[in-house]
Amino acid sequence: MDQEKIRQAVRLYLEGIGEDPDREGLVDTPDRVARMCEEIFGGLGKTPEEHLQKQFSTGSSDMVVVKDITFYSTCEHHLLPFYGKVHIGYIPDGKVVGLSKLARTVEVYARRPQIQEQLTGQIADALMTYLAPKGAMVMIEAEHTCMTMRGIKKPGSKTVTIATRGNFVDNYERQKTFMDMVRE
Ligand code: ZN
């Protein structure tokens, strides 16, 4: 990441909105934002391969559901946070992964400029690629501050997205089982 470029850009941004970037409260802001970017955009260029490689054998082909994985991401249209919960379900094909590895997978894709629909699909695709279950379904419920801060939607309103892969596609009974487990 080019920290100097971020510092210059934040300084220009502050000037652009009519602020004085040299006043006491703002003088360290460009550097603070540059260092923050390392963390909140730290998923760029990464894949969850290393996390999803740690697999355990299972003889079961019953649905595994991991729900309420908290995430924070950045909307690529406004560079403002959107955040909420990710719910993941899959039908194992001989292998399962630990909860923390799924949470790491979510972080790889959340820590970059994002849109919610794409984040949902990327998590489902990563599962299919690295864990190769018989099918997967991902649901994300999120609040977008670019909407709620600007009063377009009421605070607390949620955007819900889903992605289905493998034997979840067009199998509404299986999708409903996942939804029921998430809502429990
Ligand atoms: Zn936005």
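The values are calculated or read from the model by the stated rules, or taken from the named source; none is laboratory data. Computed from a prediction, not measured in an experiment: that's the story for all the values here. Don't worry about glycine lacking a Cβ; one is built from the backbone with ideal geometry, like all the others, and counts go over all protein chains shown. Keep in mind that these areas ignore ligands, DNA and RNA; they rest on the heavy atoms of the full protein, side chains included. Shrake-Rupley method; radii C 1.70, N 1.55, O 1.52, S 1.80 Å.
Would you check which residues across the range 3-29 are among the charged types (D, E, K, R) and not in a loop (DSSP other than H, G, I, E, B) and list them? Before you say what the answer is, go through the steps one by one.
Here is the first cut: in the range 3-29, the residues among the charged types (D, E, K, R) are 4-5, 7, 11, 15, 19-20, 22-24, 28.
Passing the criteria: Glu4, Lys5, Arg7, Arg11, Glu15.
Here is a list: Met179, Met139. Which entry is among the hydrophobic types (A, V, I, L, M, F, W, C) and touching a helix residue (DSSP H, G or I) at 6+ places or on another chain (Cβ under 8 Å)? Spell out how you get there, then give the answer.
Numbers: Met179 fails: touching a helix residue (DSSP H, G or I) at 6+ places or on another chain (Cβ under 8 Å).
From the options Met179, Met139, the qualifying one is Met139.
So the check is Cβ under 6 Å with 6+ separation or different chains; which pairs have a first residue in the range 169-184 that's under 12 Å from Val66 (Cα atoms) and a second one that's open to solvent by less than 100 Å² (accessible area, probe 1.4 Å)?
Phe178/Gly89; Phe178/Met137; Met181/Val65; Val182/Lys67; Val182/His87
In the range 14-43, what residues are within 26 Å of the chain's Cα centre (by Cα), open to solvent by 50 Å² or more (accessible area, probe 1.4 Å) and of a type outside the set (A, V, I, L, M, F, W, C)?
Residues satisfying the conditions are Asp31, Arg32, Arg35, Glu38, Glu39.
From the list Val169, Val160, exactly one residue is open to solvent by 30 Å² or more (accessible area, probe 1.4 Å), part of a loop (DSSP other than H, G, I, E, B) and at pLDDT 95 or above. Which is it?
Criteria check complete, one pass: Val169.
Collect the residues in the range 116-130 that are over 16 Å from Ser73 (Cα atoms) and open to solvent by less than 10 Å² (accessible area, probe 1.4 Å), keeping them in residue-number order. I'd like the intermediate steps shown before the answer.
Of all residues in the range 116-130, those over 16 Å from Ser73 (Cα atoms) come to 124-130.
Residues satisfying the conditions are Ala124, Ala126, Leu127.
Which of the residues that make up the range 127-148 are touching a Leu at 6+ places or on another chain (Cβ under 7 Å) and either closer than 14 Å to Val86 by Cβ or not β-branched (Val, Ile, Thr) (or both)?
First pass over the range 127-148, keeping only residues touching a Leu at 6+ places or on another chain (Cβ under 7 Å): 130-131, 133, 136, 140, 145-146.
The answer is Tyr130, Leu131, Pro133, Ala136, Ile140, Cys146.
When you scan the range 27-50, how many residues do you find that are farther than 19 Å from Leu79 by Cα and free of Cβ contacts under 8 Å to residues at least 60 places away in the same chain? Even if it seems obvious, please write down each step before you answer.
Keep residues of the range 27-50 that are farther than 19 Å from Leu79 by Cα, which gives 27-28, 46-50.
Now drop any that are not free of Cβ contacts under 8 Å to residues at least 60 places away in the same chain, which leaves 27-28, 50.
Selection size over the range 27-50: 3.
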